[in-house]
Every structure is written in structure tokens, then in C-alpha cells.
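Just below is one structure, and these are the notes that go with it.
Laboratory data are not the source of any read-out in this text; all were calculated from the coordinates shown. All of these numbers come straight from a predicted model, not from anything done at the bench. Cβ atoms come from the backbone with ideal geometry, glycine included; neighbour counts cover every protein chain shown.
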Amino acid sequence: MILSDTRILEEIEKQTIKIEPYNRSELGSNSYDVHLGKNLAIYVDHVIDAKKHNEIEHFDIPEEGFVLEPGRFYLGVTEEYTETHAHVPFLEGKSSTGRLGIDIHATAGKGDVGFCGNWTLEISVKVPVRVYAGMPIGQLIYFPVEGEIEVPYNKKKGAKYSGQPNRPVESMMWKNKF
């Protein structure tokens, strides 16, 4: 079951959902629209190694926009900082974004109860697309949780992505033992 606009508003009032900046006009009937932050990043090395800490290079999107190219992998970030303390947030692309050939996440569309931060976007495109800071990029939907949460994400020891800043964050796979 997905939370409706009325339920999202109730949860914002109870502070179990936090969105900053919040704009009532971005609330749909069962989702909240999020926007592309001003910062993008690319991996420095051509080959990304899952066992090492891969460096990324950050850059700001200029006012005239930035052209994303097919065959490149970009990390972006949402303009919005969010907290979710009682629901499972999912970040999905907007249909308008998809119709431009933009994918906003490779696999990481689900957040955890207790996630606090800006969302890092895993962006790829089918064709060259000029993007702009502040453009609508995705939508958050919220699912209720069945049962008690023993340890929320923001209190989990070793939570690799808790408190993400308003800049893209690289993969922390290298912190896993394998």
C-alpha cells in the first residue's frame, strides 16, 4: 500500500517524513517530486573496481545546463534532503524524465526506514540529454512498514550512506567483506 497525499501530509506533520526544501505544489496524489541538485560526479578511473575505494570528480551543472552522454555513468543528487522514520521510501523516475531517456537509478531506488540525507542518483542516458540544476528528476513514494523496526538505518552501526550530503556519494562497496 502506498501512502496517499493526505497520509504524506499527516506524516510530515508528525515529522516521520521530512523533506527540505518542502513545496506543497510538488506533492502529487501519492508521491512527492524531487529535483536534480546542482552537483554531478563521475568516476575518475575508467575501470571501477568493487574492492577498492574509487574516487569521483565533482562538478557543478552550469546555468546553461550540462549534456549527459550515453555510455557514461553519472552520479547526481537530489536537491531535497529527506528523512523517513516510519516508512520505506522509494525513489522512482518521473515519466517526463524517462521520456527524455534518463534513468535515475541503476538499482538503488529503495531507501530504508531511518534514511536521512540527500539521495544519490545513478544516472545514465539513452541519448545525449541536456539537464539543469533544479529540474524535476524523480518522485518519492512511501510504503508503510509491517512490524516494529529494531534498528533504523540512521542508527545502524556501519550504515555506509547515512547522512548523505548535498553532493553525490560514490559506492562504498569496498567497505564490505568479500
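Take peptides 99-106, 74-81 and line them up by average Cβ neighbours within 10 Å, highest first, as a rough protection proxy.
Output ranking for 99-106, 74-81: 74-81, 99-106.
Could you run the Karplus curve 6.51 cos²θ - 1.76 cosθ + 1.60 with θ = phi - 60° over the stretch 5-14 and give me ³J(HN,Hα) per residue in whole Hz, x for Gly and Pro?
Once rounded to whole Hz, the list reads 4, 4, 5, 4, 4, 4, 5, 5, 4, 7.
In terms of modelled amide H atoms, which long-range or inter-chain residues lie less than 5 Å from the amide H of I56?
When sequence neighbours closer than 5 places are left aside, the close amide H contacts are V44.
Roughly how many debye, to the nearest 20, is the charge dipole of the stretch 10-131 about its Cα centre, given +1 on each Lys and Arg Cβ, -1 on each Asp and Glu Cβ, and no other charges?
The calculation lands at about 340 debye.
Amide H of L121 versus every other amide H placed in the peptide plane: which residues, excluding those fewer than 5 positions away on the same chain, fall under 5 Å?
HN-HN under 5 Å from L121: G76, V77, T78.
Over the chain, what relative contact order in percent results from Cα pairs under 8 Å that are six or more residues apart?
It rounds to 30 percent for the chain.
Calculate one ³J(HN,Hα) per residue across the stretch 89-102 by plugging θ = phi - 60° into the Karplus curve 6.51 cos²θ - 1.76 cosθ + 1.60, and present them in order as whole Hz with x for glycine and proline.
Coupling constants for the stretch 89-102: x, 10, 10, 10, x, 7, 4, 5, 5, x, 6, 8, x, 9 Hz.
Would you kindly state how much longer the chain becomes between R72 and V47 on full extension, computed as 0.36 nm times their sequence separation minus their alpha carbon distance, in nm to one decimal?
7.8 nm
Given H placed 1.01 Å from N in the peptide plane, which residues other than close sequence neighbours of Y81 have an amide H under 5 Å from its amide H?
E20
Give me the one-decimal nm value for the distance between modelled label points at N166 and E83, 7 Å along each residue's Cα-to-Cβ direction.
About 1.7 nm separates the two model spin labels.
Is the stretch 26-131 best put as rounded, prolate or oblate by its Cα gyration tensor, with a ≥ b ≥ c the root eigenvalues, rounded for a/c under 1.5, and otherwise prolate when a/b is larger than b/c, oblate when not?
Here the stretch 26-131 falls in the oblate category.
Could you list, in their original order, any pairs among K94/K175; K18/K126; K110/K156 whose Cα atoms are separated by more than 21 Å? Show your work: numbers first, answer last.
Numbers: K94/K175 32 Å; K18/K126 33 Å; K110/K156 17 Å.
From K94/K175; K18/K126; K110/K156, over 21 Å: K94/K175; K18/K126.
Convert each backbone phi in the stretch 134-141 into a coupling constant with the Karplus relation 6.51 cos²θ - 1.76 cosθ + 1.60 (shift: θ = phi - 60°), then list the ³J(HN,Hα) values in order as whole Hz, x for Gly and Pro.
x, 6, x, 10, x, 9, 9, 10
Neighbour counts of other C-beta atoms within 10 Å: give me I12, I123 arranged from fewest to most.
Ranked by crowding around the Cβ, least crowded first: I12, I123.
For H58 and I149, compute 0.36 nm times the residue count separating them, minus their Cα-Cα distance, and round to one decimal in nm. Don't jump to the answer; show the numbers that get you there.
Details: separation 91, 0.36 × 91 = 32.76 nm, distance 3.52 nm.
This chain segment gains 29.2 nm when fully extended.
Please compute the length gained on full extension between E13 and M173, using 0.36 nm multiplied by the number of residues separating them and subtracting their Cα-Cα distance.
54.0 nm
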